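Down below is the structure, laid out as C-alpha cells.
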Amino acid sequence: MTQTKVEDIIQRIEQLAPSYLAEDWDPIGLSFGTSDKVVNKLMIALDVDADTIQEAQELGIDLIFTHHPAIFKSLKTLNTENSRRNEYINLIKSDIAVFSAHTNIDAADYGMSDWLADAMELPKGREIISPSYQEGYKKLAVYVPERDVEEVRRALHNAGAGEVGDYLDVSYSIKGQGRFTPQKGADPAVGKIGKEEIVNEVRIEVMFPSQLTTNVITAVQTAHPYEEPVYDLYTIENEKKVYGYGRIADYEATTEEMIGKIISKFDLAGLKYASKDPKKLHKKIAVFGGAGADYYLEAKQKGATLFITGDVSYHNAQDMLRDGIDVIDAGHYIESVFVSEMSQVINKWKKEESWDLDIFPTKKQKDVFKFS
C-alpha cells in the first residue's frame, strides 16, 4: 500500500472535475490544512458543519472532502464570538484538512448533474442545460514495447486520456517494430551502446481534453520504460468538449410520477411542486442541482416541460407556470448523492493507486429542513 497525501487525492479530483470548470466566485479547493498532510482517514460529506466536524473528530479523520466549500464569505476575524468561525477554529485545533469541489463538479462529466439524472433514472444521451466551458482535444500517439503496453495505457487513462463522449478508457493500438541505436551517454532500457536494436512495439493512440496535456505527457514519461519515449502530439480540429450545468433528457413521465420517484429515491419526507395539471405527461425532463431556478428558461428552450431543482421561491414558481413549465423543488439536500457517488469514485482510485486509505461517507449529516 502507498502512503497517501492530500495532494495525491487533489490530483485525482482535478482529473475528474478540473478547477478551471469552477465559477470565478466559487471558493473551491483546499480551505484548511496543507497539501503534504498524510491522509489515513478520509471523510466525504456534502457540507462542513458542527455534526460533520464532531463525526470527523470521533473517527480521527485527516481530510474532509465536501461538495459545498467551507468558507463562502471572506473572514475579517477568526474568534469564538461567531458560531461559524468557532467551527473553523475547531477544525484547525483538530488538524483536520478540508477540500471542496463545487461548481467544477457540477459542470463535470460524470459529476453532480449526471449523478442526479442517474438517480432520477433519466436515460443517457442527455443534453447540458447551461453550457459553461468548451475546450479542444489533443491526440497522443506513443510507441511502447509490447511488454509494457498495459502499464502505459493504464497510466494514460489514469491521467484522464481516452474519454470520448459517454465512453471511457478509449484507445487504439497498432503493432510494429521500433529501431534505434543507443549512443555513448545513453542508459537504454533495452539494448547495448553502439548496437542497433529492433524491438516489437505497439503504437497507442488516445484522445484527451487539451487542458490535460501536461498530465498526459507526464504520465507517459513516468510509466514508459525508455529514457527517451517517442510520441506524436496532434491537435484535433473536429472535436470539442463541452461542460456545463444541469441535464435534460427524453423521458416520459407525469409530474405526479416524478414526485413519487424523487421521494422514493432520495427518501424525502416531502417536497414542493407547482403544476396546473400534475397528471400531465412530459416528454422532456430537466434536472438542475442546487438552486437552479434561474436556468429554467434555458431548459424550456431545449424542450423541457418539467424542471427539477431546489430552493425555488414563490415568485420563481409563478414565473415557471406562466411560461408553461412545471417545477419540482426537491430541495438542495438531494445533492447529498455526492457522498455515495464520490465514495465509490475514491474507492476506485484507492485500488488503482494502492492508497493506504480508509474512506468514511458521513453518517451524521442530515437535511436541515423537516416536514410536519
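The values are calculated or read from the model by the stated rules, or taken from the named source; none is laboratory data. Here the structure is a predicted model, which means the values were calculated and not measured. We place every Cβ from the backbone using ideal geometry, glycine too, and count neighbours over all the protein chains shown. With ligands, DNA and RNA removed, areas are computed over all heavy atoms of the protein, side chains included. Shrake-Rupley method; radii C 1.70, N 1.55, O 1.52, S 1.80 Å.
Quick check: anything in segment 294-306 under 26 Å from LEU21 (Cβ atoms) and either of a type in the set (Val, Ile, Thr) or open to solvent by less than 20 Å² (accessible area, probe 1.4 Å) (or both)?
Yes, the conditions are met somewhere in segment 294-306.
Give all pairs with beta carbons closer than 7 Å in which a residue from segment 193-207 that is within 21 Å of LYS138 (Cβ to Cβ) meets a residue that is open to solvent by less than 30 Å² (accessible area, probe 1.4 Å) and among the aromatic types (Phe, Trp, Tyr); count only pairs at least 6 apart in sequence or on separate chains.
MET207/TYR137
What number of residues within segment 341-364 are modelled with pLDDT of 95 or more and more than 21 Å from the chain's Cα centre (by Cα)?
Here the count works out to 2.
Of the numbered conditions (1) without any contact (Cβ under 8 Å) to a residue 24 or more places away in the chain; (2) of a type in the set (A, V, I, L, M); (3) surrounded by 19 or more Cβ atoms within 10 Å (Cβ to Cβ), ILE285 fails exactly one; give the number of that condition.
So the condition that ILE285 fails would be (1).
To keep it simple, each residue is scored yes or no on (1) open to solvent by 10 Å² or more (accessible area, probe 1.4 Å); (2) assigned to a loop (DSSP other than H, G, I, E, B); (3) of a type outside the set (A, V, I, L, M); (4) over 20 Å from SER343 (Cβ atoms).
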{"site": "GLU14", "(1), (2), (3), (4)": "yes, no, yes, no"}
{"site": "LEU42", "(1), (2), (3), (4)": "no, no, no, no"}
{"site": "PHE65", "(1), (2), (3), (4)": "no, no, yes, no"}
{"site": "LEU75", "(1), (2), (3), (4)": "yes, yes, no, yes"}
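Condition first: more than 20 Å from ILE129 (Cα to Cα), touching a strand residue (DSSP E or B) at 6+ places or on another chain (Cβ under 7 Å) and open to solvent by 90 Å² or more (accessible area, probe 1.4 Å). Now tell me which residues in segment 235-272 satisfy that.
LYS272 - this is the single residue of segment 235-272 that is more than 20 Å from ILE129 (Cα to Cα), touching a strand residue (DSSP E or B) at 6+ places or on another chain (Cβ under 7 Å) and open to solvent by 90 Å² or more (accessible area, probe 1.4 Å).
Can you tell me how many residues within segment 85-126 are surrounded by fewer than 19 Cβ atoms within 10 Å (Cβ to Cβ) and among the small types (Gly, Ala, Ser)?
Residues meeting the conditions: 3.
Would you point out which residue out of ASP47, ASP62, ASP36, ASP24 is in contact (Cβ under 8 Å) with a residue 60 or more places away in the chain and either under 26 Å from ASP106 (Cα atoms) or not aliphatic (A, V, I, L, M) (or both)?
Result of the check over ASP47, ASP62, ASP36, ASP24: ASP47.
Could you please let me know if LYS280 is farther than 24 Å from ASP114 by Cα and over 28 Å from the mean Cα position of the chain (by Cα)?
Yes.
Which of the residues belonging to segment 130-147 are of a type in the set (D, E, K, R) and surrounded by fewer than 17 Cβ atoms within 10 Å (Cβ to Cβ)?
Selection gives GLU135, LYS139, GLU146, ARG147.
Can you tell which of ASN238, ASN215 is at pLDDT below 95, of a type outside the set (D, E, K, R) and part of a helix (DSSP H, G or I)?
Of the residues listed, the single one that is at pLDDT below 95, of a type outside the set (D, E, K, R) and part of a helix (DSSP H, G or I) is ASN215.
If you go through segment 322-340, how many residues are open to solvent by 50 Å² or more (accessible area, probe 1.4 Å) and either modelled with pLDDT under 95 or not polar (S, T, N, Q) (or both)?
Residues meeting the conditions: 4.
What's the number of the only condition in (1) closer than 23 Å to ALA291 by Cα; (2) assigned to a helix (DSSP H, G or I); (3) over 19 Å from the mean Cα position of the chain (by Cα) that ILE92 fails to meet?
Only one criterion is unmet by ILE92, namely (1).
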